[in-house]
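Asks: Before anything else, here's the structure in question.
The values are calculated or read from the model by the stated rules, or taken from the named source; none is laboratory data. Treat the numbers as computed from the prediction; the structure is a model and nothing was measured. Cβ coordinates were reconstructed from backbone atoms using ideal geometry, including for glycine residues, and neighbour counts include every protein chain displayed. All accessible areas refer to the heavy atoms of the entire protein, side chains included, with ligands and DNA or RNA removed. Shrake-Rupley method; radii C 1.70, N 1.55, O 1.52, S 1.80 Å.
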Amino acid sequence: MKVLILAAGKGERLMPLTSSIPKPFLPLGSSTIIGKLIDQISGELPVEEFMINVHHGEDYAIRVLEVLSKTYPLSWRREDELRGPLGSLLTFKDKIDAEDDLLVVSGDAWLRGSLSAFWESHAATGAVMTLLTVTSDDCSQFGVVETDSSAVSSR
């Protein structure tokens, strides 16, 4: 399995904290947000490679990724023009075209619960894609996904 971590945003809502440090690379305890995320995923799923897109604060991000790459199988690429989450897939198109199992995760995500249970549930359905979302009373901070009751599982 390969994992694409979306880390190319500008972090505008956290300025000035993110003026030179991309949000996924902000310190979190003895690590960084992205370091904790990579550690969590690799602890639960068999990951062949983590692919990370960078843009804002690229120099800082690469320094962190170089350290993480000593422990985890990482590759990264600069996204010259921000194209949103789906556009990020194009940044790594050559690496994911033939990939059967691809997990795409926001670089500033905090995943609560069992990621392996989520992945097993996805595999059991035979679905081409499963989307893990969060419910929020304030949609202004997130993308909006419309579903009907047959498409929603509250596990």
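Asks: Quick check: is even one residue across region 89-108 among the basic types (Lys, Arg), open to solvent by less than 90 Å² (accessible area, probe 1.4 Å) and under 15 Å from the mean Cα position of the chain (by Cα)?
Replies: no
Asks: Next up: Considering every residue within region 65-72, establish whether at least one is open to solvent by 60 Å² or more (accessible area, probe 1.4 Å), among the polar types (S, T, N, Q) and part of a loop (DSSP other than H, G, I, E, B).
Replies: yes
Asks: For the subset of region 101-124 comprising residues that are under 21 Å from Asn53 (Cβ atoms) and in a loop (DSSP other than H, G, I, E, B), which member is modelled with the highest pLDDT?
Replies: For region 101-124, the residue satisfying everything is Gly107.
Asks: Hey, another quick one. Inside region 1-55, can you point out the residues that are open to solvent by 70 Å² or more (accessible area, probe 1.4 Å) and in a strand (DSSP E or B)?
Replies: Pro27
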